[in-house]
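The values are calculated or read from the model by the stated rules, or taken from the named source; none is laboratory data. Given the structure is predicted, the values throughout are model-derived calculations rather than measurements. Positions of Cβ are generated from backbone atoms using ideal geometry, with glycine treated the same way; all protein chains shown enter the neighbour counts. For the accessible areas, the whole protein counts, side chains as well, though only heavy atoms, and no ligand, DNA or RNA atoms are used. Shrake-Rupley method; radii C 1.70, N 1.55, O 1.52, S 1.80 Å.
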Amino acid sequence: LFTGGLLVFSTQALAVVQRRAQLALLRVLGLTRGGLLVLLIGEAVLIGAVGALAGIAMGHLGAQLAVARFGADLGAGQFRGIQPELQVDAWGLALFALLGIVTAVAGSLAPALEAARAAPAHALKAGDEQRVFERLRPVKRGAILIVAGIALTQAPPVFELPLFGYIAIGCLLVGTILLMPRFAVACFGSIPHFRAPATRLAVAQLAGAPGQAMVSLAAIVASVSLMVSMAIMVTSFRHSLEDWLDRVLPADLYLRTGPQHETAFLSPDDQQRLRNIAGVRRAEFLRSQQVLLAPEHPRVMVFARELDRSEPERSIALVGPHISPGPQDPPPLWASEAMIDLYGYRVGNIVELPLGGRSERFTVAGIWRDYARQQGSVIIERDVYARVTDDRNANDAALWLDRGIAPASVRRAIAAGIADSSRMDIAEPGEIRENSLRVFDRTFAVTYALEAVAVVIGLFGLASSFGALVLARSREFGMLRHVGMTRRQIAAMLATEGALVSALGLAIGIALGWLISLVLIHVVNRQSFHWSMDLHLPWGALAAFTVVMLAFSVLTALASGRRAMSRDVVIAVKEDW
């Protein structure tokens, strides 16, 4: 919606420039300012209505194809065997249609207000269209919005939703777009003079009309920045997930007692049989239990496992500093990052857990990263758990094998020696890692599609902006032809303008996308899911994307210029005679 609104803004702003004399003539013939404003807003309503209806139809078709092809979970593999039926929410569709219309009106509001305020006598004169771009150079408001966006990143969530984080992203986007004229002046004004007339004129045009850069690049900067931010966030998440899986899967074989967890278990005799299997060098066991800490939050998962309290980082994906409780302190507990946000846990705190029918005290010894449970989880030592609850059963087992022992042979031995082994899930770490990453990629396939849609919208905005600007400058091209420039030179000028404008938009869009990705990673993601991730940039994908966008921009500028240059030079300038 945001990118589409900017596309409407750039298209309508350039359309108002192109029709400036016509609109001024309507004012001279008696149309009031209010009437002109209603006329232009009415156009926006029609644009929004047509776009919303077309979008709803395409969205319904896309939903049908997605559900039929990928299933209810869009290919994540979580709901196998379920045949979903597409449900249509009439009120939801009406809301989406209204949002499309409101977005189109919001995108058209600034151009409509500027056209209504314009003096008809000035607007009828050739060259007055540059006044539009002069008024679209508000530096102060852009700076205020950027500062406000940075400040809003420090706000807490609202009803556990990162609303201020999303508002901060909007402020950063709008503020940067409002500062585009200043960026254009600083960038193009510092370019040295070239000997080639076409290149020199292109640089002079961009430096002398920076308002046009803002209108031309509004949609492309927004789409590029949003695409880059999502690409960085998803790449960072995937790399962090891979690192996390490597940390939490150190053994050679893993065994789980199935989805029942607390009701299905490995008895102490089963655990001893696993230890005695030929080829098993070491075995560690884990017991899990859900406890309710606060009625307003879901249950927290408690893991009782074997680990070395002096070096917990060897078994747990710890983040930040950790401590070792003293002999007089309560036993250690390692809390997931969600426990910080939901329950206020901090390293060194003394906390209580309901175990064995009573409340037991623990010392928070460290914070660990848990990508599997966003409701919160804690790890305690298994011998402490067994002492408190007198429960020595286990849900999971991690087996380290002797060198040269094939996991398949150990699987067969488990099937022969453990009762009900058919109900157990047995997997090697590579299988778990591959399945987890496959689910991740399928889950984010929709995100990749939305990124592509945003980029396509930005490309449409770039194409329409170039086309409208070239048509509005047809008299300029006619004058240049009169003073001796050839079609080839004008084409070179337009290609240079397209490359420079797009390079500026891509540079600012990528920089803004990096900044927005920090908000997504450290604010939106943390407040939404209560886990952190490390920053990773997809340099190869960003470089390829930049090259493709630059090439497309040059081709778009050339294609737009061919139409304007095809007009006779006399016809192009006769309005100024």
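Would you pick out the residues in segment 359-387 that are open to solvent by less than 10 Å² (accessible area, probe 1.4 Å) and touching a Leu at 6+ places or on another chain (Cβ under 6 Å)?
If the condition is that a residue be open to solvent by less than 10 Å² (accessible area, probe 1.4 Å) and touching a Leu at 6+ places or on another chain (Cβ under 6 Å), then Phe362, Val364, Gly366, Gly376, Val378, Ile380 are the ones that fit.
With respect to Leu333, is the statement that it is within 38 Å of the chain's Cα centre (by Cα) and either under 25 Å from Leu241 (Cβ atoms) or open to solvent by 60 Å² or more (accessible area, probe 1.4 Å) (or both) true?
It is true that Leu333 is within 38 Å of the chain's Cα centre (by Cα) and either under 25 Å from Leu241 (Cβ atoms) or open to solvent by 60 Å² or more (accessible area, probe 1.4 Å) (or both).
Scanning segment 159-177 for residues that are open to solvent by less than 40 Å² (accessible area, probe 1.4 Å) and not small (Gly, Ala, Ser), which turns out farthest from Val501 (Cα to Cα)?
Pro162
This table checks each residue for (1) at pLDDT 85 or above; (2) over 30 Å from Ala219 (Cα atoms); (3) out of contact with any Asp or Glu (no Cβ under 7 Å at 6 or more places or on another chain); (4) buried (at least 17 other Cβ atoms within 10 Å of the Cβ).
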position: Asp420; (1), (2), (3), (4): no, yes, yes, no
position: Ile426; (1), (2), (3), (4): yes, yes, yes, yes
position: Glu431; (1), (2), (3), (4): yes, yes, yes, no
position: Leu450; (1), (2), (3), (4): no, no, yes, no
position: Ala454; (1), (2), (3), (4): no, no, yes, yes
position: Ser465; (1), (2), (3), (4): no, no, yes, yes
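Suppose the filter is modelled with pLDDT under 90, open to solvent by less than 80 Å² (accessible area, probe 1.4 Å) and over 33 Å from the mean Cα position of the chain (by Cα); does Asp270 pass it?
yes
For Thr443, are the conditions met, namely being of a type in the set (Ser, Thr, Tyr) and open to solvent by 50 Å² or more (accessible area, probe 1.4 Å)?
Yes, satisfied.
Give the residue, chosen from Ser474, Ser436, that is within 21 Å of Leu14 (Cβ to Cβ), in contact with a helix residue (DSSP H, G or I) (Cβ under 9 Å, 6 or more places away or on another chain) and polar (S, T, N, Q).
Going through Ser474, Ser436 in turn, the sole match is Ser474.
Identify the residue in segment 171-212 that is part of a helix (DSSP H, G or I) and free of Cβ contacts under 8 Å to residues at least 24 places away in the same chain and, among all such residues, is farthest from Leu558 (Cα to Cα).
Per the criteria, the residue is Ala186.
Does at least one position in segment 390-407 carry a residue that is under 28 Å from Glu337 (Cα atoms), modelled with pLDDT of 90 or more and open to solvent by 50 Å² or more (accessible area, probe 1.4 Å)?
Yes - at least one qualifying residue is present in segment 390-407.
Just to be sure before I move on: is Ala104 part of a helix (DSSP H, G or I), surrounded by 14 or more Cβ atoms within 10 Å (Cβ to Cβ) and at pLDDT 85 or above in the structure I sent?
yes
Of the conditions (1) modelled with pLDDT of 90 or more; (2) open to solvent by 90 Å² or more (accessible area, probe 1.4 Å); (3) out of contact with any strand residue (DSSP E or B) (no Cβ under 9 Å at 6 or more places or on another chain), Trp244 clears all except one; give me its number.
The number of the failed condition is (2).
Do you know which residues across segment 299-319 are open to solvent by 70 Å² or more (accessible area, probe 1.4 Å) and at pLDDT 90 or above?
Arg299
Going by the conditions given, is Leu163 modelled with pLDDT under 95 and under 18 Å from Leu7 (Cα atoms)?
No, not satisfied.
Kindly check whether there is at least one residue in segment 296-318 that is assigned to a helix (DSSP H, G or I), more than 23 Å from Pro250 (Cα to Cα), within 39 Å of the chain's Cα centre (by Cα) and touching a residue at least 24 places away in the same chain (Cβ under 8 Å).
So far as segment 296-318 goes, no, none of its residues is assigned to a helix (DSSP H, G or I), more than 23 Å from Pro250 (Cα to Cα), within 39 Å of the chain's Cα centre (by Cα) and touching a residue at least 24 places away in the same chain (Cβ under 8 Å).
Does Ser324 satisfy the criteria of being open to solvent by 30 Å² or more (accessible area, probe 1.4 Å), polar (S, T, N, Q) and in contact (Cβ under 8 Å) with a residue 40 or more places away in the chain?
yes
Give Leu95, Leu6 a once-over and let me know the one that is surrounded by fewer than 13 Cβ atoms within 10 Å (Cβ to Cβ) and in a helix (DSSP H, G or I).
Just one listed residue meets the conditions, Leu95.
Please work out which one of (1) without any contact (Cβ under 8 Å) to a residue 12 or more places away in the chain; (2) in contact with a Pro (Cβ under 6 Å, 6 or more places away or on another chain); (3) not hydroxyl-bearing (Ser, Thr, Tyr) is the condition Ala408 fails and give its number.
(2)
Conditions first: (1) closer than 25 Å to Glu85 by Cβ; (2) surrounded by 15 or more Cβ atoms within 10 Å (Cβ to Cβ); (3) at pLDDT 85 or above. Val67 passes all but one, so which condition is the exception?
Val67 satisfies every listed condition except (3).
Are any of the residues in segment 341-363 touching a residue at least 12 places away in the same chain (Cβ under 8 Å), closer than 15 Å to Ser315 by Cβ and under 37 Å from the mean Cα position of the chain (by Cα)?
no
Determine, yes or no, whether Arg438 is at pLDDT 90 or above and open to solvent by 50 Å² or more (accessible area, probe 1.4 Å).
In short, no.
Anything in segment 117-154 that is aliphatic (A, V, I, L, M), farther than 21 Å from Trp514 by Cβ and either modelled with pLDDT of 65 or more or assigned to a helix (DSSP H, G or I) (or both)? List them, or say none.
Listed by number, the residues that qualify are Ala118, Ala119, Ala121, Ala123, Leu124, Val132, Val139, Ile144.
Matching residues to (1) of a type in the set (Gly, Ala, Ser); (2) in contact (Cβ under 8 Å) with a residue 40 or more places away in the chain; (3) more than 25 Å from His297 (Cβ to Cβ):
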site: Ile516; (1), (2), (3): no, yes, yes
site: Leu520; (1), (2), (3): no, yes, no
site: Gln527; (1), (2), (3): no, yes, no
site: Ala543; (1), (2), (3): yes, no, yes
site: Val554; (1), (2), (3): no, yes, yes
